[in-house]
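The values are calculated or read from the model by the stated rules, or taken from the named source; none is laboratory data. Since we're looking at a predicted model, the values are computed, not measured. With ideal geometry, Cβ positions are generated from the backbone for all residues, glycine too; neighbour counts draw on all protein chains shown. Ligands, DNA and RNA are stripped out before the accessible areas are found, and what is left, the full protein with its side chains, is counted by its heavy atoms. Shrake-Rupley method; radii C 1.70, N 1.55, O 1.52, S 1.80 Å.
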Amino acid sequence: MIGPEQVGERLAAVQDRLHAAGGDDVRVVAVTKAFGIDAVDAAVACGIRDIGESYAQEAVAKLGGRDVAATVHFIGGLQRNKVRKLAGIVDVWQSVDRPELADEIALRAPGAPVMLQVDISGEETKGGCSPDDVAALLEHARAAGLDVVGLMGIAPLGDPGDSRPGFRQLRSLVDRFGLRECSMGMTGDLEVAVEEGSTMIRVGTALFGPRPPRH
């Protein structure tokens with residue numbers, strides 16, 4: 001059972017790290033994938049107003065039918081056939097990486113805020129559109145009626161310093177297209193992300209501890 005006191009202490013440590021990196025205004029998305037609803041409740045009780053989920057079935061089981069006092073972000077790879085079930089749960093769709101997915105979200109959640117996921121790691125398992133395809137995908141999503149608020153990227157595994165070129169590229173694209181949100185940085189590399197211009201980090205382990213195995 002994860003409680004507010006435990007999460008509060010860990011949140012303070014995350015905020016200290018953000019402060020040291022010059023990111024006092026950076027939003028913290030608490031990634032509760034693989035954790036129960038107690039993690040969501042503890043995060044909200046600590047003042048966190050952004051919750052991240054990565055698995056459609058888990059998000060529906062955990063959050064479906066609940067009034068969560070936070071903005072729910074979907075940050076994982078997403079199949080089109082899962083969008084319908086998530087439409088009443090997800091507030092911000094952070095992993096839009098292809099036109100077909102944008103169309104499905106526009107159908108099920110007209111006008112929804114979305115972020116385009118960009119491949120900044122070169123690792124196929126992380127998903128994302130090519131940086132060269134951002135302009136076309138942005139135009140397509142807007143034409144479908146979606147509110148494109150920013151871009152999202154996942155850095156490669158390894159030394160945090162290796163994340164810097166990808167983060168810098170993502171921030172450059174955000175600026176190029178005049179977007180307001182740059183979602184990048186997780187528990188291990190948040191300092192580098194903030195230094196390169198992140199407006200939003202996605203952290204789970206730093207707040208809730210080691211992630212339990214999925215069942």
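Structure values in brief
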{"item": "Filtered residue count, the stretch 40-49, keeping only those that are crowded, with 19+ Cβ neighbours inside 10 Å and within 17 Å of the chain's Cα centre (by Cα)", "result": "3"}
{"item": "Tally, over the stretch 199-215, of residues that are modelled with pLDDT of 95 or more and touching a helix residue (DSSP H, G or I) at 6+ places or on another chain (Cβ under 7 Å)", "result": "5"}
{"item": "Any chance residue 37 is buried (at least 17 other Cβ atoms within 10 Å of the Cβ), at negative phi and either in contact with a helix residue (DSSP H, G or I) (Cβ under 9 Å, 6 or more places away or on another chain) or in contact (Cβ under 8 Å) with a residue 40 or more places away in the chain (or both)", "result": "no"}
{"item": "Sole exception among (1) under 21 Å from residue 122 (Cα atoms); (2) under 16 Å from the mean Cα position of the chain (by Cα) for residue 200, by number", "result": "(1)"}
{"item": "The stretch 137-164: number of residues that are without any contact (Cβ under 8 Å) to a residue 12 or more places away in the chain and either of a type outside the set (Asp, Glu) or out of contact with any Pro (no Cβ under 7 Å at 6 or more places or on another chain) (or both)", "result": "5"}
{"item": "Unmet requirement for residue 19, which otherwise passes all of (1) open to solvent by 40 Å² or more (accessible area, probe 1.4 Å); (2) more than 15 Å from the chain's Cα centre (by Cα); (3) under 24 Å from residue 118 (Cβ atoms)", "result": "(3)"}
{"item": "Some residue of the stretch 66-73 being free of Cβ contacts under 8 Å to residues at least 24 places away in the same chain, over 26 Å from residue 161 (Cβ atoms), part of a strand (DSSP E or B) and not polar (S, T, N, Q)", "result": "yes"}
{"item": "Pairs, first on the phi < 0 side of the Ramachandran plot and at pLDDT 95 or above in the stretch 99-116, second open to solvent by 10 Å² or more (accessible area, probe 1.4 Å) and among the basic types (Lys, Arg), C-beta under 7 Å, six or more apart", "result": "100/80; 101/80; 104/80; 108/84"}
{"item": "Residue that is most open to solvent (accessible area, probe 1.4 Å) [pool: residues in the stretch 84-102 that are within 16 Å of residue 131 (Cα to Cα) and over 15 Å from the mean Cα position of the chain (by Cα)]", "result": "98"}
{"item": "Flag for residue 156 being at pLDDT below 95 and open to solvent by 60 Å² or more (accessible area, probe 1.4 Å)", "result": "no"}
{"item": "Residue satisfying all of: in the stretch 65-75; modelled with pLDDT under 95 and in contact with a helix residue (DSSP H, G or I) (Cβ under 8 Å, 6 or more places away or on another chain); surrounded by the most Cβ atoms within 10 Å (Cβ to Cβ) among these", "result": "68"}
{"item": "In the stretch 167-185, residue surrounded by the most Cβ atoms within 10 Å (Cβ to Cβ) [restricted to those that are touching a residue at least 40 places away in the same chain (Cβ under 8 Å) and over 18 Å from residue 75 (Cα atoms)]", "result": "173"}
